[in-house]
Amino acid sequence: MKVKIIFGIFILLLVAGAGYYIYRDSTTVVEFEKTQQLKQIQQLEHPNLDRPINMPSTMASDAQKIILEKIEKLSTELKQNPSIFDNWLLLGIYRKIIGDYEGARDCWEYAAVINPQSPTPFNNLGDLYANFIKDNKKAEENFLMAIKIDPSAIYIYRSLYEFYHYNLKDEAKAKQILEQGIKVSPNTTKEFQNLLDNFK
């Protein structure tokens with residue numbers, strides 16, 4: 001009887017130990033993959049962080065000062081670590097504010113490369129191409145990519161609806177994207193239903 005108990009305890013310890021090593025090994029693999037990903041990002045050629053900062057003459061001087069400080073701070077941090085995804089998003093926003101649309105595009109395209117699982121850079125690019133650079137083909141491509149990455153992100157459907165409705169004047173596509181948004185999230189799209197009713 002004692003032998004069976006001892007043997008049972010031994011098996012439990014063996015299983016527990018195996019579980020520990022499996023967990024440790026899987027954690028090590030994840031950490032290794034993150035390290036490799038970071039190295040790959042650091043090897044990518046990132047946008048020019050010394051790009052000229054040209055403020056609009058119509059912008060208030062205090063606003064110019066704040067934005068200049070923000071751009072310089074974000075750029076300095078990204079020179080040290082170009083894998084900071086949020087910094088690229090913010091830098092793109094500030095570049096867009098000062099009218100540097102090419103600079104904003106470069107930031108968001110790079111952000112999309114280092115974090116392709118996020119729909120945000122693509123949604124930002126869609127808006128940039130639609131309303132500022134005026135390239136409808138690329139605008140639609142980026143909006144659709146954003147939805148493909150995160151079909152549950154209702155705000156992207158709204159962005160694409162406005163693009164179809166106001167920019168392309170394509171009521172069929174505008175209606176279709178509203179219906180798609182309602183299908184994806186019927187409990188949060190009353191506004192979409194109201195917009196859809198306007199087509200009837």
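General remarks:
- Contact annotation: residue pairs with Cβ atoms under 7 Å, 6 or more positions apart or on different chains, pairing a residue in segment 76-88 that is surrounded by 12 or more Cβ atoms within 10 Å (Cβ to Cβ) with a partner that is modelled with pLDDT under 95, are PRO82/ILE41; PRO82/GLN42; PRO82/HIS46; SER83/LEU38; SER83/ILE41; SER83/GLN42.
- Residues in segment 104-120 that are hydroxyl-bearing (Ser, Thr, Tyr) and part of a helix (DSSP H, G or I): 2 in all.
- Scanning segment 160-196 for residues that are out of contact with any Ser or Thr (no Cβ under 7 Å at 6 or more places or on another chain) and among the hydroxyl-bearing types (Ser, Thr, Tyr) returns TYR161, TYR164, TYR166, THR188, THR189.
- Restricting segment 148-173 to residues that are small (Gly, Ala, Ser) and either closer than 19 Å to PHE122 by Cα or assigned to a loop (DSSP other than H, G, I, E, B) (or both) leaves a set whose member that is nearest to the chain's Cα centre (by Cα) is ALA153.
- Selection within segment 151-161 - at pLDDT 95 or above and surrounded by fewer than 17 Cβ atoms within 10 Å (Cβ to Cβ): PRO151
Residue-wise test of (1) closer than 29 Å to ASN167 by Cβ; (2) modelled with pLDDT of 95 or more; (3) not in a helix (DSSP H, G or I).
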residue: ASN54; (1), (2), (3): yes, yes, yes
residue: MET59; (1), (2), (3): yes, yes, yes
residue: ALA63; (1), (2), (3): yes, yes, no
residue: LYS70; (1), (2), (3): no, yes, no
residue: GLY92; (1), (2), (3): yes, yes, no
residue: LYS96; (1), (2), (3): yes, yes, no
residue: GLU102; (1), (2), (3): yes, yes, no
residue: ASN124; (1), (2), (3): yes, yes, no
residue: ASP127; (1), (2), (3): yes, yes, no
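- Applying the set (1) surrounded by fewer than 20 Cβ atoms within 10 Å (Cβ to Cβ); (2) farther than 16 Å from ARG95 by Cβ; (3) polar (S, T, N, Q) to ASN142 leaves exactly one unmet item: (1).
- Segment 102-134 - residue that is over 13 Å from the mean Cα position of the chain (by Cα) and touching a residue at least 40 places away in the same chain (Cβ under 8 Å) and, of those, nearest to LEU144 (Cα to Cα): ASP106
- Count of residues meeting criterion [of a type in the set (Lys, Arg) and either touching a Ser or Thr at 6+ places or on another chain (Cβ under 6 Å) or closer than 15 Å to SER159 by Cα (or both)] in segment 95-133: 0
- The listed residue being on the phi < 0 side of the Ramachandran plot and in a helix (DSSP H, G or I), out of ASP86, ASP50: ASP86
The values are calculated or read from the model by the stated rules, or taken from the named source; none is laboratory data. Being a predicted model, the structure only gives us computed values, none of them experimental. Glycine gets a Cβ as well: all are built from the backbone with ideal geometry, and neighbour counts include every protein chain shown.
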